[in-house]
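Asks: Take a look at this one; I'll ask things after.
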Amino acid sequence: MLGEREPREISRKINRIRNKGVEFINAEIEEISPQGNSIKTNKQNISYDYLVVSLGVELSPQIVPGLSQAAYNLYDLDVAIRLRDDLVKFSSGNVVILVSGMPYKCPAAPYETALLLDYFFKTRGLRDKINISICTPEPLPMPTAGPQIGQAIKQMLEARNISFNPLIKITSVNSDEKELLFEGNKNVPFDLLVVIPPNLPPKVVKESDLAGEVGWIPVDRNTLKTKFDNIYAIGDVTAIKLPGQYKPDVPLMLPKAGVFAHNQAEVVANNLAVEINGAGSKKEFNGDGSCFLEIGYGKAGYAKGSFYNQPHPFVDMKNPSHWWHWSKILFEKYWLWKWFK
Ligand SMILES: Cc1cc2nc3c(=O)[nH]c(=O)nc-3n(C[C@H](O)[C@H](O)[C@H](O)COP(=O)(O)OP(=O)(O)OC[C@H]3O[C@@H](n4cnc5c(N)ncnc54)[C@H](O)[C@@H]3O)c2cc1C
């Protein structure tokens, strides 16, 4: 978004996992049939002994009228590049970062975006002509991490003069008037709108027997097994209840983040290998995860959590430093090198 790195530096061709002995089939999955142990794609039918579903979320900006026309969708690389090119031309007005629904992947993203934009405009000497605000249905930043972390991030935003508007839900966007319309007739004007689009369960999952009530896949929180013995689900597509409540009668859910997809994948891969080979020992996913929070100036904070902790998740946050920023880059470089060399 700030143009600090080029797409080629953070992307790899996925078919290079063939070097690891993994066959990659590039096709659209149209149907999952747990009873028939098969999936139908637009190219072929594939049968399986074991299935691991990792279809993520379906980004759906179109469900909010006016949103697609008016906003920069931060979760689309091409749009992030367009935003990068347009940011250098922006010199005054209201920048709004909108969280358009919950749940959404990467709970730190809107807050990182606000802090990075503050840094960007400050270093260009324009900050006093630009208001930055966040509008979100959340009560506090990163609510699953608990009130202490939420307050700490809120204070970080206040110190950087970023306004935080919680508990508001978008209904539509008037792109001609450049105005956001929220439930309860609240209006917010904008000159530049950056959005976390609605994250919905993928259609093919929602229409399958794997889906729970809302469309995500309920799984055993330790083994990631679905209600079918030979089908597992990992990552953003899953619904995992946590100890504690979001609000009365609403359970906390495991956030959608790459760190969990990654840790869950290692558990499922290990356990399938043990089951198939009949050797080795099984592992359990323990709900631990961590995330970096980029704040600009080459610094990042670092939050580490035990999300299965009783009576509610426990998360600890380290102060922002250059160390955590470089740790994130090294982490990324290591995994890109390990899997795609
Ligand atoms: C801008 C941004 C920054 C982020 N930063 C962080 C971070 O710092 N730390 C962190 O932990 N997480 C971060 N995340 C979140 C992280 O990227 C996701 O949580 C993670 O990628 C989830 O992995 P997944 O395998 O569940 O889903 P995905 O990575 O989304 O993969 C799902 C795949 O399934 C494919 N698919 C879906 N439907 C079909 C179909 N019908 N047929 C064929 N293919 C299909 C999709 O095209 C996609 O390739 C970030 C996300 C974004 C957008």
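Asks: Test each condition in (1) open to solvent by 50 Å² or more (accessible area, probe 1.4 Å); (2) touching a strand residue (DSSP E or B) at 6+ places or on another chain (Cβ under 7 Å); (3) in a loop (DSSP other than H, G, I, E, B) for residue 154 and report the one that comes out false.
Replies: Among (1) open to solvent by 50 Å² or more (accessible area, probe 1.4 Å); (2) touching a strand residue (DSSP E or B) at 6+ places or on another chain (Cβ under 7 Å); (3) in a loop (DSSP other than H, G, I, E, B), the lone unmet condition for residue 154 is (3).
Asks: Within segment 264-278, can you find the residues that are of a type in the set (S, T, N, Q) and crowded, with 17+ Cβ neighbours inside 10 Å?
Replies: Across segment 264-278, the qualifying residues are 264, 271.
Asks: Just checking, which of 249, 236, 220, 209 is open to solvent by 20 Å² or more (accessible area, probe 1.4 Å), at positive phi and in the same structural domain as residue 36 (by TED's automatic domain parsing)?
Replies: 249 is the lone residue from the list that is open to solvent by 20 Å² or more (accessible area, probe 1.4 Å), at positive phi and in the same structural domain as residue 36 (by TED's automatic domain parsing).
Asks: Scan (1) surrounded by fewer than 16 Cβ atoms within 10 Å (Cβ to Cβ); (2) acidic (Asp, Glu); (3) part of a loop (DSSP other than H, G, I, E, B) for the single condition residue 138 breaks and write down its number.
Replies: (1)
Asks: Another question, then. List the residue pairs whose Cβ atoms are under 6 Å apart, where the first residue sits in segment 265-283 and is without any contact (Cβ under 8 Å) to a residue 12 or more places away in the chain, the second is among the aliphatic types (A, V, I, L, M), and the two are 6 or more positions apart or on different chains.
Replies: Close Cβ pairs (under 6 Å, with a partner that is among the aliphatic types (A, V, I, L, M)) amount to 280/274.
Asks: I would also like to ask the following. Just checking: which of the strands (runs of 3 or more DSSP E) contained wholly in segment 262-341 hold 3 or more residues that are of a type outside the set (S, T, N, Q) and in contact with a Phe, Trp or Tyr (Cβ under 7 Å, 6 or more places away or on another chain)?
Replies: Strands (runs of 3 or more DSSP E) meeting the threshold: 288-296, 299-306.
Asks: State which residue is nearest to residue 121 (Cα to Cα) when the search covers only segment 270-321 and only residues that are of a type in the set (Ser, Thr, Tyr) and within 16 Å of the ligand (Cβ to nearest atom).
Replies: Only one residue fits best here, namely 302.
Asks: Enumerate the pairs (first residue in segment 24-36 and surrounded by fewer than 10 Cβ atoms within 10 Å (Cβ to Cβ); second residue anywhere and of a type in the set (Ser, Thr, Tyr)) with beta-carbon separation below 7 Å, excluding pairs fewer than 6 apart on the same chain, so at least 6 apart or on different chains.
Replies: As it stands, the answer is 28/41, since those pairs meet every condition given.
Asks: Between 16, 12, which is assigned to a loop (DSSP other than H, G, I, E, B) and of a type in the set (Lys, Arg)?
Replies: 12
Asks: Then there is this: Among the residues of segment 73-105, what is the count of those that are touching a strand residue (DSSP E or B) at 6+ places or on another chain (Cβ under 8 Å) and within 12 Å of the ligand (Cβ to nearest atom)?
Replies: 10
Asks: Also, I was wondering about something else. If I ask for residues that are within 10 Å of the ligand (Cβ to nearest atom) and among the hydrophobic types (A, V, I, L, M, F, W, C), which ones from segment 11-51 would you list?
Replies: Passing the criteria: 14, 25, 27, 29, 32, 39.
Asks: Any idea which residue in segment 55-68 is least open to solvent (accessible area, probe 1.4 Å), counting only those that are over 22 Å from residue 131 (Cβ atoms) and in a helix (DSSP H, G or I)?
Replies: 61
Asks: Tell me yes or no: at least one residue of segment 105-115 is more than 17 Å from the chain's Cα centre (by Cα) and not hydroxyl-bearing (Ser, Thr, Tyr).
Replies: Taking every residue of segment 105-115 in turn, at least one turns out to be more than 17 Å from the chain's Cα centre (by Cα) and not hydroxyl-bearing (Ser, Thr, Tyr).
Asks: Follow-up. Report whether or not residue 240 is at pLDDT 95 or above, among the aliphatic types (A, V, I, L, M) and within 17 Å of residue 50 (Cα to Cα).
Replies: no
The values are calculated or read from the model by the stated rules, or taken from the named source; none is laboratory data. Just so you know, these numbers come straight off a predicted model, no measurement behind them. Neighbour counts run over all protein chains shown; Cβ positions are idealised from the backbone, glycine included. When the accessible area is computed, the model is the full protein with side chains, heavy atoms only, and any ligands, DNA or RNA have been set aside. Shrake-Rupley method; radii C 1.70, N 1.55, O 1.52, S 1.80 Å.
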